[in-house]
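Below: one structure, written as structure tokens.
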Amino acid sequence: MLAVRLFVMGLGLLLGWLAGQALASAQPTDLNRVNTLSLMLAGSLIALLFAPRAEKLLTGSVGRFSRWYAGLSPRTVAAATFGLIVALLLSVLLSSLFQSLPFFNWFWNLLVTVILAVFFVNFAVGHAEAFGMLAFPQVRRRSGSKLLDSNVIIDGRILELVRAGFLDGELVVPGFILRELQLLSDSGDAQKRTRGKRGLGLLEELRELKPIRIEDWDDAALKSVDDKLIRLARETGGQIVTNDGNLGKIAKLHGVTVLSVNEAAVALKPQVQAGDLLAVTITKGGQQSGQGVGYLEDGTMVVVEDGLKFRGKQTRVQVVNNVQTNVGRMIFAKLEREEVA
């Protein structure tokens, strides 16, 4: 990193200047300024030689510290903090009691503080489970994690995406999403109860295909589940997997990456070109006189010119145009010549 190299070179310049000042005070001559500049230049060049090694050492240390910090448990941090507070309070009390002794000075005060801190911090960390109430909720940052919302779980198509290997990274189900599914499954409304049970059942199937991590995180200040999901995604750097269009739009405004199952389904629909022949059943009339409307197996609407007279029948049509709209793909077609005949 450039900042590290500049810092090392600055340190070399400083050491060279200090060496020049020490030499000037020991042997005052007319060349003191030149000697100081030479020592500063030499110090910066030596620092430049050692800069790559220092950069590597610092990067490794920062990486180890980051991994250590990410692995800290909130209960461990709360326990260590509580133990340190007790040690500091006892140190102040003991220093007040022993300050009248002739041999007691700042050194003994510091030594007593260190001993108390080591003892109480180790003791508290060893019993960290007792400090769960004092722990702040911690969110683990893992790059590439996928946060699932309740709609995409109930929808079920994510199961096929995972089975086909199109959804990589760690799958994360927040605790508030799991509680929402549980409330749905216990609801008095039969439709909501069915949706909730379907979501819980699909989670069981999904866990057989790929490990799922339950993120026990919540924010009481946020009332909406969507707001909590967006906040969690921002804090963890995760991506939201959903089929809720409104949630996707709001999440993108907050800078969160959204993987929309609906957009993926639209993008993966078979492409048809002008001139292709299709077999479609005319089910209703269109907006213009004589138009017939049918649907392909994937739900794509096909508008057939003069097709209303074949209503209720399967008809072969020829594609004229293929239009992508905000609600999906729409195909305009005309009757095949044989059908016209």
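The values are calculated or read from the model by the stated rules, or taken from the named source; none is laboratory data. Fair warning: this is a prediction, and the values are worked out from it, not measured in the lab. Note that we place each Cβ from the backbone using ideal geometry, even for glycine, and neighbour counts take in every protein chain shown. When the accessible area is computed, the model is the full protein with side chains, heavy atoms only, and any ligands, DNA or RNA have been set aside. Shrake-Rupley method; radii C 1.70, N 1.55, O 1.52, S 1.80 Å.
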Residue in region 229-236 that is outside any loop (DSSP other than H, G, I, E, B) and more than 15 Å from the chain's Cα centre (by Cα) present: no
Test: residue in region 121-138 that is modelled with pLDDT of 85 or more, open to solvent by less than 90 Å² (accessible area, probe 1.4 Å) and among the polar types (S, T, N, Q): no
In region 237-256, residue surrounded by the fewest Cβ atoms within 10 Å (Cβ to Cβ) [restricted to those that are within 13 Å of the chain's Cα centre (by Cα) and within 15 Å of residue 149 (Cα to Cα)]: 239
Filter result for the condition that a residue is surrounded by fewer than 16 Cβ atoms within 10 Å (Cβ to Cβ) and modelled with pLDDT of 80 or more, over 164, 80: 164
Residue 250, sole failed condition from (1) farther than 18 Å from residue 179 by Cβ; (2) touching a helix residue (DSSP H, G or I) at 6+ places or on another chain (Cβ under 7 Å); (3) part of a strand (DSSP E or B): (3)
Test: residue 16 is farther than 30 Å from residue 118 by Cβ, part of a helix (DSSP H, G or I), among the small types (Gly, Ala, Ser) and at pLDDT 80 or above: yes
Filter pass, residue 256 being assigned to a strand (DSSP E or B) and at pLDDT 80 or above: no
When residues of region 279-295 are limited to those that are open to solvent by 80 Å² or more (accessible area, probe 1.4 Å) and either in contact (Cβ under 8 Å) with a residue 12 or more places away in the chain or hydroxyl-bearing (Ser, Thr, Tyr) (or both), the one nearest to residue 157 (Cα to Cα): 295
Matching option when the condition is among the aliphatic types (A, V, I, L, M), within 15 Å of the chain's Cα centre (by Cα) and open to solvent by 40 Å² or more (accessible area, probe 1.4 Å), among 268, 259: 259
Only listed residue being open to solvent by 40 Å² or more (accessible area, probe 1.4 Å), in contact with a strand residue (DSSP E or B) (Cβ under 6 Å, 6 or more places away or on another chain) and more than 16 Å from residue 146 (Cα to Cα), chosen from 276, 298, 227: 276
Pair list, Cβ < 9 Å and 6+ apart or interchain, from region 171-185 residues that are farther than 13 Å from residue 225 by Cα to residues that are charged (D, E, K, R) and assigned to a strand (DSSP E or B): 171/146; 171/213; 172/146; 172/213; 172/215
Evaluation of residue 192 against (1) touching a residue at least 60 places away in the same chain (Cβ under 8 Å); (2) within 14 Å of residue 154 (Cβ to Cβ) (one fails), failing number: (1)
